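Report on the structure given below.
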Number of protein chains: 2
Amino acid sequence: MKAENKHSKIISAATKVFAKKGFFTARISDIAKEAKVADGTIYLYFNNKYDILLSVFEEEVGKIVENTEKLLSLEDDPRKQLEIFAIQHLLAMKKNRHLAEVIQIELRQTHKIIKEYRDNNFSNYTGIIAEIIRNGQKSGIYRSDIKPDLAKRAFFGALDEISRVWNASLETNYSVKEIATQILSIFLAGIQVDPSNLPE
Amino acid sequence: MKAENKHSKIISAATKVFAKKGFFTARISDIAKEAKVADGTIYLYFNNKYDILLSVFEEEVGKIVENTEKLLSLEDDPRKQLEIFAIQHLLAMKKNRHLAEVIQIELRQTHKIIKEYRDNNFSNYTGIIAEIIRNGQKSGIYRSDIKPDLAKRAFFGALDEISRVWNASLETNYSVKEIATQILSIFLAGIQVDPSNLPE
DNA sequence: ATTACAAGAATGAATGGTCATTCATGTTTT
DNA sequence: AAAACATGAATGACCATTCATTCTTGTAAT
């Protein structure tokens, strides 16, 4: 079996196991079993357990950020951009529930290194929202009294909490479309200068 | 020293230590040291490490819920009620950063029991928001197309994410007042039938 | 085409360190 | 002098990590 293949097999096994049991409760042997390799094999590809966690972020989360930024660059209406962000985030979280759980739960551990990692990456990610809002303010679409730094958190927090509950509960599911529509209808009405304006 | 005293000394030591190191990384001996008791003493008051975590929730979180519900019962304008919820939540999280971290980080661990606990408590807590929104819809103040179940999460998520960042970063702090005002100005404009209506 | 050999990959049992928990003993309170 | 409370060293379970060994693959000589 090719090396690259095994590397990614371990990553996705780890994502699954971390999501299910949590980083600390997950055993290397669980991951090995899930990936159908021997315990020792994992150490041919990763330095230690913690390194596996970081790799999960780097590889999986990076993809999401990249993808979102690409899509955003094709659109310049700040209202549409907010919509794109919301939909992409929700889709990404829905598509890979294991990853979503790992991000939402494990990324919140208070470890210094994770914290730094998160600061370097998720604050980039949520920074995208702040940027969209600033642009919208410049072009007079969004209210100038809105503080982008607070609004970005409110918006991200709203999306994050909603997708968190997907994983944690058995409640009735709304579709991504429905959710995005609701959230946007609240936020756009909430931050626009003239809420009756719809994009396009 | 009286027993009750020691019990709560351990609770608050545990809150502090869990917040700082995370549940799994925290050692019983850390908690014992922080509480200035012997390791073994902890087992006179709690069954095991996990039991300490649950007790932290039951005792500390219960207070917040109770307090919020009391304040809400004195007010029946749904717009004011939302404001009260926001301010109380932010104040509670700000007042006890250790507790806030424990709630936000540890409560998200995927353990079955915690999950059930959370379902029984936090869904009550966020349920308060949904209830406020439903009432507001009945009295024609909030838009009837808003889904209370989604809006409650959006609102809670916004508050939660903002207070989470208090703990996780060194960024410029806004005051509780400022934050509550911003969030409410977004959400009230976002969900009201006629956003130009202000309460009172 | 077959055999021989080496290098890399994979294995999983054994190791060692880290705590949660216990309990024999000591101390304080009534 | 009981009873209740408190102590902290000792125990033992757990699991990340290691490493001696086995397996696989590719190359080259015959």
field: Shielding of B:176-187 by partner chains, average beta-carbon count, 10 Å
entry: 4
- request: Could you list which residues have their amide H under 5 Å from that of B:Y142, counting only those 5 or more apart in sequence or on another chain, with H placed in the peptide plane?
  value: B:Q137, B:V193
query: Using a simple charge model, +1 on the beta-carbon of Lys and Arg, -1 on the beta-carbon of Asp and Glu, nothing else, what dipole does region B:1-102 show about its Cα centre, in debye to the nearest 20?
result: 620
query: Which is farthest toward the positive dipole end of region A:24-108 among A:N96, A:I31, A:F57, measuring Cα position about the Cα centre, with Cβ charges +1 (Lys, Arg) and -1 (Asp, Glu)?
result: A:I31
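With only Lys, Arg, Asp and Glu charged, each at its Cβ (+1 for the first two, -1 for the last two), find how big the charge dipole of region B:1-46 is about the Cα centre; round to the nearest 20 debye.
Numbers: 9 positive and 4 negative charges, 28 e Å.
With Lys and Arg at +1 and Asp and Glu at -1, about 140 debye.
Nearest 0.05, what FRET efficiency do B:K138 and B:K80 give at R0 = 22 Å with Cβ-Cβ as r?
Numbers: r = 16 Å, r/R0 = 0.72.
The pair B:K138/B:K80 has a calculated efficiency of 0.90.
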query: If the cut-off is 19 Å between C-alpha atoms, which lysines fall inside it for A:K95, apart from same-chain ones fewer than 8 positions away?
result: A:K9, A:K16, A:K20, A:K63, A:K70, A:K177
- prompt: Taking a label point 7 Å from Cα toward Cβ, how far is B:K36 from its twins in the other copies, in nm, shortest first?
  reply: 6.0
task: Return the Rg/Rh value of region A:1-46, two decimal places, where both radii are evaluated on C-alpha atoms and Rh is the Kirkwood radius.
output: 0.95
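Output the peptides B:124-134, B:56-66 sorted from most to least packed, where packing is the average of other Cβ atoms within 10 Å over each peptide's residues. Display every interim value, and only then the final one.
Details: B:124-134: 18.8, B:56-66: 16.3.
The densest-packed peptide leads the list: B:124-134, B:56-66.
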task: Provide a list, ordered by number, of residues in region A:141-167 showing at least 40 Å² less accessible area with every protein chain present than when their chain is taken on its own, using a 1.4 Å probe.
output: A:K147, A:L150, A:R153, A:A154, A:E161, A:I162, A:R164
message: I'd like the distance separating the alpha-carbon centroids of region B:1-67 and region A:54-84, in whole Å.
response: 41
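Using a Förster distance of 22 angstrom, determine the FRET efficiency expected from the C-beta separation of A:K21 and A:L54, and round it to 0.05.
Numbers: r = 18 Å, r/R0 = 0.81.
According to the calculation, E is roughly 0.80.
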statement: Inter-copy distances for A:K70, nm, shortest first, label points 7 Å along Cα→Cβ, are 5.6
- prompt: Per-residue HN-Hα couplings for region B:61-77, Karplus 6.51 cos²θ - 1.76 cosθ + 1.60 at θ = phi - 60°, whole Hz, x for Gly and Pro?
  reply: 5, x, 4, 5, 4, 4, 4, 4, 5, 4, 4, 5, 5, 8, 9, 10, 6
- request: Kindly give the distances from A:K21 to its copy-mates, label point to label point, with each label point 7 Å from Cα along Cα→Cβ, as nm values to one decimal ordered shortest first.
  value: 2.2
- line: Plugging the Cβ-Cβ distance of B:N67 and B:E131 into 1/(1 + (r/R0)^6) at R0 = 22 Å yields, to the nearest 0.05, a FRET efficiency of 0.85
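Using only protein heavy atoms and a 1.4 Å probe, how much accessible area in total is buried between B and A, to the nearest 100 Å²?
The B and A chains share an interface burying roughly 3900 Å².
The values are calculated or read from the model by the stated rules, or taken from the named source; none is laboratory data. Keep in mind that this is a model prediction, so the values were computed, not measured. So basically every Cβ, Gly included, is an ideal-geometry build from the backbone, and we count neighbours across all protein chains shown. Side chains included, ligands, DNA and RNA excluded: accessible areas come from the protein's heavy atoms. Shrake-Rupley method; radii C 1.70, N 1.55, O 1.52, S 1.80 Å.
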